[in-house]
Amino acid sequence: MFTLTAILVDGTIYASWLFIVAAGLTLVYGVMRILNLAHGSLYAVGAYTAASAITWYLSAGHAPAGSYLVLLAAALAAGTVTGLLIERGVLRLMYGRDEVVMILVTYAVLLILEDVIKLIWGVESYSAYQPYQLLGRLQFGPMTFANYDLALIAVAAAVAIAMWWTLNRTRRGKLLLVVIHDREMSAALGIDVTRVFVVTFLIGGVLGAAAGALTAPVVSVVPGIGVEVIVLAFAVVVIGGLGSVQGALVGSLIVGIARAAAVHLLPEVELFVIYGVMCLVLAVRPAGLFARPAARKI
Amino acid sequence: MRTDPGTRGFLIAAAVLLAAGPFLPKWLSYIATISLGYALVVAGVVLLMRAGLVSFGQGLYFCLGGYAVGAAGKYWNLGDAFVLLAAAVAVSVAVAALLGLLLARYREIFFAMFTMAFSMILYGLLSKSQALGSTDGFNVSHATFLGYAPVALQGWLYAAAVVLSMAVAIALQRYLRSGMGYAGDAIRENEIRVEYLGISVYRVVYLKYLVAAGLGGLGGGLAALASGHVGPDMAYWTTSGEFVFVALLGGTQHIAAAFAASFLFELIKTYAFELSPYTWQMMLGVVLLAIILFLPSGLWSLVARGREALR
Amino acid sequence: MKGNKAMHIGLALGAVVAAAAAPVPAVAQDYKLGLVTFLSGGAAGPFGIPARNAGELIVDAINAGKVPAPYASKGIAGRTIQPVWVDEAGGPSKQVTEYRALVQKQGVDAVIGYISSGDCLALAPVTEELKKLTIFFDCGTPRVFEERPYTYLFRTGPTALMDSLGAARYILAQNPGVAKVNGINQNYAWGQDSWNDFIASLQKLKPGVQVGTSQMPKIFAGQYSAEISALQLQNAAFIHSSFWGGDMESFVQQGRARGLLDKQVAILTTGETAMFRIPEQIPEGTVIGGRGPYGVFAPDNALNKWFREQYFNRFNTWPTYPSYKMAQAILGLKAAAEKAMAKNPKPAEADVIAALEHLSFEAPSGTVKMAIGKGHQAVQEMVYGRFKLQGGKPAIVNVVRYPAECVNPPDGVTSEQWIKQGFPGAKCN
């Protein structure tokens, strides 16, 4: 009984975190056809920026409650700056290349940013645990949950709703959907694809940085955290169907619950449960759960 | 038998490399041996890439080949390099024969991700198997050559790697110029038209996948013999990613590009480690970006350009 | 001109080879020392950089002749040390390549390094093949010298067995009635070995101790929400954890916030590296280890006083166990070279090796005895204690010191056999 609840709650918490990471990744892929490995770097930059900003803010003696605003501001700043640098500085020069070449371009960016992060923040770990502990905890039988983790579920839900609303209920969002559906046709119809690309990459970047910033109070921020995240996010996005936001949501939930179930019932298999799920889904649905059937061009 | 220019090229390259062997500094001939092993895996990646398939999971066969060599030495006391390498190829091809049934239906990014998932599962399994040393892996015993146990093992391994990989390169070169080889290029261009020609795309892809797996196993076996150690990180996704990287670095026009690129990549890494121990990743990233930006068809386009100029 | 393809390949390769083969000139009098630790990645912060700092400090001090007795002479056998730093990143295969480049290309006189056990296992046979004096300073797996003896290879830090066995002895002494323990360890060789040795030792010392749950998250996972719930569902007296670096700090942070660590006492086998970094996060009473007599566990001697003071002045932080282990590796090399000078004023590599075998030398951590592995593997005492904030400053109380012979197997017995047989020959008092 407790175990089942724990699996659901822990799974959903993990899924919320995964979704925020994966949402940006899948959006960028959907619009730009770039499977962005450097999304991991954005996550890392977001985490480092938030951790040092919160530490700086609190050590200046300001009200602890304000640290949540600092966190969000850090995410926004980190995502925008890094996103612009990557898109304008590198990707812009590479548009039109093969999808796989683009993966490698973003891999090179990931390598470079790993060292840039090291040059800025060093290799010491950073922690800004205050926002995590400030919200207190919830008792449930023998277990306790951190309210911060539970709040993360709400944040993820808000991100999902906002993305759905923007894409389906606003003019700009619909234009994005058009580009996702057929880039050449939308360019022919007069949509400024370059601008759409910049904006999309920035949104993706801010989401990646936000995921990192939201994680900063939970973990100790160390070199390499971006690389660890990226494969997980890939798995989620592939399970859900590349480019699909609903897919990323369902994919996160599946991966999150599966992982929590493994931790509680069979800790031995935690290491590869995610890849097992990915293989199963791909074997049954070759293009992921929410993929649109692609027209075969002759 | 008439030798075509490609074959002649590889024969000359083999002769040059063998003759140069004793004069190379030891660390360099080691890097050459290792990079020949990697190059075989890369050649497999190139083969698939020419058919429009990008495998982000060749580490699976690289690792299987390595572990086959290691385990055969450890548990059955097999020591002969050629037997061990044959075992590496056999294990890889056997696994590929099974997985290929499923994978040959996948294309594009899904092929890439699915292959990656399988190699990550192997990584997970090996990381859990304490008998095989978990993530630490285990050491591979010294190889013998047809009953002879050389003292200067490194030189022998280098020679064996040169002979083996050049032989494989010649065979691959011929394969790519055959009907089956060209079918791959056609599949990349347009699968449906190939089907209309009465060729089974599924079968062509399946066969190519088997060949690539065999190459991966052979490369892994060779790398294991040279480095003397195997570990699950051989199946980690970054290893597979590096193979794809090197394939693109060289370019897919010619099989020789895989060998040149793989050697160059190892050298770049060694120099990056030596020259900037704190920022080698950045150096690597910048070099890679520069190559993608300025040599979009890989290093081989330099050779092609040079040949144009000479003509 | 189609046949020119071969020439192009040949020329291209030839040019690369020629460029690469240019030899590196070396100053004959200098002692070129390859030093390898993690300079990037997750292990750099907690281990690699503290080790590098100590390495730089000791090398500079030795070259200036400023280390206290018995190391007051300049250089290694009079030769100035010229350090060559290499990043340990990239995995065992990459490190084999780098090691060969260090020895065969850069021509170093000796190599000191390696934190990862995987790297050590892969490199061990290569040291023998290249016949180069090599000292492993930190990696923990007992497998290295238990699998076979080596001539050129030494390890001046003790093996990881004593972390696990020491922890088992310590919690039994602290809480003889312990009936159930939990575990959370990283799912890779170090984490698996640490847990297996710990639980096997504990059950040998007190049969019938039960395991609540043994969690094995992926290394660098960072988020342990589900694992903490699972641990909370199994109420046990202790949670054994060989987590290190960011993973340990994350776990403590989350376990603290969720109240887990108020109910169950954590045994942090590498906790010493974090106690000055996140003192306000570690609950009082947490069992802290430092993988040997290092850091706060180091004995009170002149060498240690000098080392701590110098390190703090230069890096503005206290040295942790990787710093101590790096320092003692270099000092061990110096001690051996100095001892060899008695026979040969300009000792060759073979003389240094002969001197280092079975050597006992002084270090900031006290006496290091190269007692097992046919004189190539060090043993030291093991120390555990419990964390306490004293006047707002992190401190260790209830300290228990276990002599080397109490937590290390006798020469020739493997760790696994020794646990199975119930620690015959262990001298604990």
Per-region count, the stretch B:101-122, residues at the interface with chain A (Cβ under 8 Å from one of its Cβ atoms) and open to solvent by 20 Å² or more (accessible area, probe 1.4 Å): 6
Residue check for A:V237: open to solvent by 10 Å² or more (accessible area, probe 1.4 Å), in a helix (DSSP H, G or I) and touching a residue at least 12 places away in the same chain (Cβ under 8 Å): no
Qualifying positions in the stretch C:181-204 - away from every other protein chain (no Cβ under 12 Å), in contact (Cβ under 8 Å) with a residue 40 or more places away in the chain and among the hydrophobic types (A, V, I, L, M, F, W, C): C:V181, C:F198, C:I199, C:A200
Some residue of the stretch A:249-266 being at pLDDT below 90, within 29 Å of C:P217 (Cβ to Cβ) and within 13 Å of another protein chain (Cβ to nearest Cβ): yes
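Okay, residues lined up against (1) part of a helix (DSSP H, G or I); (2) at the interface with chain C (Cβ under 10 Å from one of its Cβ atoms); (3) of a type in the set (D, E); (4) closer than 17 Å to B:H254 by Cβ:
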position	(1), (2), (3), (4)
B:T7	yes, yes, no, yes
B:F10	yes, yes, no, yes
B:A15	yes, yes, no, no
B:A19	yes, no, no, no
B:P22	yes, no, no, no
B:I31	yes, yes, no, no
B:A39	yes, no, no, yes
B:V45	yes, no, no, yes
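Being among the aliphatic types (A, V, I, L, M) and modelled with pLDDT under 90 is the filter here; which residues of the stretch A:94-126 pass it?
A:M94, A:V100, A:V101, A:M102, A:I103, A:L104, A:V123
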Residue in the stretch C:66-83 that is of a type in the set (S, T, N, Q), open to solvent by 10 Å² or more (accessible area, probe 1.4 Å), at pLDDT below 95 and closer than 26 Å to C:V144 by Cα present: no
Filter result for B:T252 (more than 19 Å from A:M102 (Cβ to Cβ) and either within 14 Å of chain A (Cβ to nearest Cβ) or of a type outside the set (A, V, I, L, M) (or both)): no
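Of these, A:L85, A:L69, A:L58, which one is in a helix (DSSP H, G or I), open to solvent by 20 Å² or more (accessible area, probe 1.4 Å) and either closer than 17 Å to A:I203 by Cβ or within 14 Å of chain B (Cβ to nearest Cβ) (or both)?
Testing whether each residue is in a helix (DSSP H, G or I), open to solvent by 20 Å² or more (accessible area, probe 1.4 Å) and either closer than 17 Å to A:I203 by Cβ or within 14 Å of chain B (Cβ to nearest Cβ) (or both) leaves just A:L85.
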Filtered residue count, the stretch B:294-311, keeping only those that are surrounded by 15 or more Cβ atoms within 10 Å (Cβ to Cβ) and hydrophobic (A, V, I, L, M, F, W, C): 6
Enumeration of residues in the stretch A:155-173 that are surrounded by 13 or more Cβ atoms within 10 Å (Cβ to Cβ) and free of Cβ contacts under 8 Å to residues at least 40 places away in the same chain: A:T166, A:G173
Positions within the stretch B:152-179 being loosely packed, with under 15 Cβ neighbours inside 10 Å and more than 14 Å from chain C (Cβ to nearest Cβ), in sequence order: B:V163, B:A167, B:A171, B:R174, B:S178, B:G179
Wholly enclosed helices (runs of 4 or more DSSP H) of the stretch A:162-230 bearing at least 3 residues over 19 Å from the mean Cα position of the chain (by Cα) and hydroxyl-bearing (S, T, Y): none
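Here is a yes/no grid of residues against (1) within 30 Å of C:C428 (Cβ to Cβ); (2) assigned by TED's automatic domain parsing to the domain that holds C:A336; (3) open to solvent by 20 Å² or more (accessible area, probe 1.4 Å):
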residue: C:A51; (1), (2), (3): no, yes, no
residue: C:L102; (1), (2), (3): no, yes, no
residue: C:K132; (1), (2), (3): no, yes, yes
residue: C:R143; (1), (2), (3): yes, yes, yes
Selected residue [part of a helix (DSSP H, G or I) and closer than 30 Å to C:S116 by Cα] from B:L248, B:L207, B:L222: B:L222
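Would you mind stating whether C:V211 is modelled with pLDDT of 95 or more, open to solvent by 10 Å² or more (accessible area, probe 1.4 Å) and outside the structural domain of C:G113 (by TED's automatic domain parsing)?
Considered against the rule, which asks whether it is modelled with pLDDT of 95 or more, open to solvent by 10 Å² or more (accessible area, probe 1.4 Å) and outside the structural domain of C:G113 (by TED's automatic domain parsing), C:V211 comes out as yes.
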Helices (runs of 4 or more DSSP H) contained entirely in the stretch C:308-427, each with at least 1 residues that are in contact (Cβ under 8 Å) with a residue 40 or more places away in the chain, open to solvent by 50 Å² or more (accessible area, probe 1.4 Å) and under 16 Å from C:A298 (Cα atoms): none
Flag if B:E242 is open to solvent by 20 Å² or more (accessible area, probe 1.4 Å), part of a helix (DSSP H, G or I) and not small (G, A, S): yes
Residue list for the stretch A:122-139, filter: touching a Ser or Thr at 6+ places or on another chain (Cβ under 7 Å), assigned to a helix (DSSP H, G or I) and open to solvent by 30 Å² or more (accessible area, probe 1.4 Å): A:Q130
Residue satisfying condition, being in contact (Cβ under 8 Å) with a residue 12 or more places away in the chain and either in contact with a strand residue (DSSP E or B) (Cβ under 8 Å, 6 or more places away or on another chain) or over 18 Å from B:L157 (Cα atoms) (or both), within set B:G65, B:G59, B:G21: B:G59
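The values are calculated or read from the model by the stated rules, or taken from the named source; none is laboratory data. The structure displayed is predicted, hence computed values, not measured ones. All Cβ positions, even for glycine, are placed from backbone atoms using ideal geometry, and neighbour counts span all protein chains on display. The protein model used for the area step is the full one, side chains on, heavy atoms only, and it has no ligands, DNA or RNA in it. Shrake-Rupley method; radii C 1.70, N 1.55, O 1.52, S 1.80 Å.
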